[in-house]
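The structure appears right after this line, and notes come after that.
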Amino acid sequence: MKSTASAPGKVILFGEHFVLYGGKAILCSINKRIFATSQFLDEKKVKVRSSLGNAELDIRSISELDFGTTRFMRPFFYIAKRALEEHGENKGIEIVLESEVPAGIGLGSSSAVCVAVTASVNGLFERLSKQEVVKRAIEAERIIFKETSGADTSVSTFGGLMIYGTNSGFQEISSKNDLDLVIANSSQVHNTKEIVRQVRTFKEKNVDFFDQLCKQEDEIVNEALSALKKNDLNTLGLLMSKNQDLLQEIKVSTKQIDLLIREAKKTSYGAKITGAGVGGCIISLVDNSNLAATIDNLKKVADCFPVKIDYQGLLYI
Ligand code: MEV
């Protein structure tokens, strides 16, 4: 018996980093997915196979090990061990991962994979509700990224366009906009946890300034919500570029990102980093009138591809 589930990556339209300090983020899942397929093994091991590497462990040693280069896989072992123990199953599990979401560039691959693995592994026993999947996937992700706001995991599970606050949780944005975005990759792989730490240090050294930036971000998010209701792409694009200015202030932009933003802004409605920054990707807002021109412009300086909003979230296959 095999159990397969898939979960989408995401982009953050507004509010990354500030969401960790009481602000809200607007984000959406995208039509690029991670697939996880699980099956029982007779030996009491958990095995993970993916294009980024393979790893296997005896179930007994899972909590003791430092995972070294396969550290990103640690949540998957935890998810499998928990499911086996909860169901008193005396077997092992193999998990095979396939991904359309490039890793380490701000597109939510680590959250999407936790969602897909949680649903797929537990699906060997029972299909968990989306509420239960998101709860367990956040717990699993916190093993390697304690500070996560949970935003990426939530949007990957429920799909669509949403506003998220760490205290208020997520709320669907009902206008169901059909946005077109172009993603351009700076090719600088980043470590979200490390960048979140850098921003925290920046905040602690610049308390009043950071406070002002949080207020400006709140205004941007509120205006963006109104613009989404009207599907006003001009205003949304301008707000994205304003948000990028704030991300520059907190030092998560780089020369390469600034270059991509300049190119993207020549033809699109607006552009900004998506995710933690200091590398990773930018997103630019387009529609049919400027999609091709924006791709032509950006592909001179970076790998780029168009995406749309995914309204499905987690899928059992
Ligand atoms: C990462 O995609 C977004 C951050 O705000 C971290 C988080 O919300 O967990 C940088």
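Listed values, structure above:
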| quantity | calculated |
| --- | --- |
| Residue check, Ser3 on the phi < 0 side of the Ramachandran plot, more than 15 Å from the ligand (Cβ to nearest atom) and surrounded by 24 or more Cβ atoms within 10 Å (Cβ to Cβ) | no |
| Residue list for segment 106-139, filter: in contact with a helix residue (DSSP H, G or I) (Cβ under 6 Å, 6 or more places away or on another chain), small (Gly, Ala, Ser) and closer than 15 Å to Gly150 by Cβ | Gly108, Ser111, Ala112, Ala137 |
| Qualifying positions in segment 16-47 - more than 16 Å from the ligand (Cβ to nearest atom) and under 29 Å from Phe305 (Cα atoms) | Asn31, Arg33, Phe35, Ala36, Thr37 |
| Some residue of segment 105-113 being modelled with pLDDT of 95 or more, crowded, with 23+ Cβ neighbours inside 10 Å and more than 19 Å from the chain's Cα centre (by Cα) | no |
| Contacts under 7 angstrom Cβ, first residue in segment 227-244 being under 14 Å from Leu181 (Cβ atoms), partner of a type in the set (Ser, Thr, Tyr) and crowded, with 19+ Cβ neighbours inside 10 Å, 6 or more apart | Leu233/Tyr269; Leu236/Tyr269; Gly237/Ser268; Gly237/Tyr269 |
| Selected residue [small (Gly, Ala, Ser) and at pLDDT 90 or above] from Ser99, Ser61 | Ser99 |
| Strands (runs of 3 or more DSSP E) wholly inside segment 8-90 containing at least 1 residues that are assigned by TED's automatic domain parsing to the domain that holds Ile273 and charged (D, E, K, R) | none |
| Residue match in segment 277-286 (condition: outside any strand (DSSP E or B) and either touching an Asp or Glu at 6+ places or on another chain (Cβ under 7 Å) or at negative phi (or both)) | no |
| Members of segment 176-193 that are modelled with pLDDT of 95 or more and either among the acidic types (Asp, Glu) or loosely packed, with under 14 Cβ neighbours inside 10 Å (or both) | Asp178, Asp180 |
| In segment 245-271, the residues that are outside any helix (DSSP H, G or I) and free of Cβ contacts under 8 Å to residues at least 40 places away in the same chain | Ser253, Tyr269, Gly270, Ala271 |
| Helices (runs of 4 or more DSSP H) contained entirely in segment 106-199, each with at least 1 residues that are within 12 Å of the ligand (Cβ to nearest atom), without any contact (Cβ under 8 Å) to a residue 60 or more places away in the chain and within 30 Å of Ile93 (Cβ to Cβ) | 130-141, 151-158 |
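The values are calculated or read from the model by the stated rules, or taken from the named source; none is laboratory data. Owing to the predicted nature of the structure, the values given are computational and were not obtained by experimental measurement. Backbone-built Cβ (ideal geometry, glycine too); neighbour counts: all protein chains shown.
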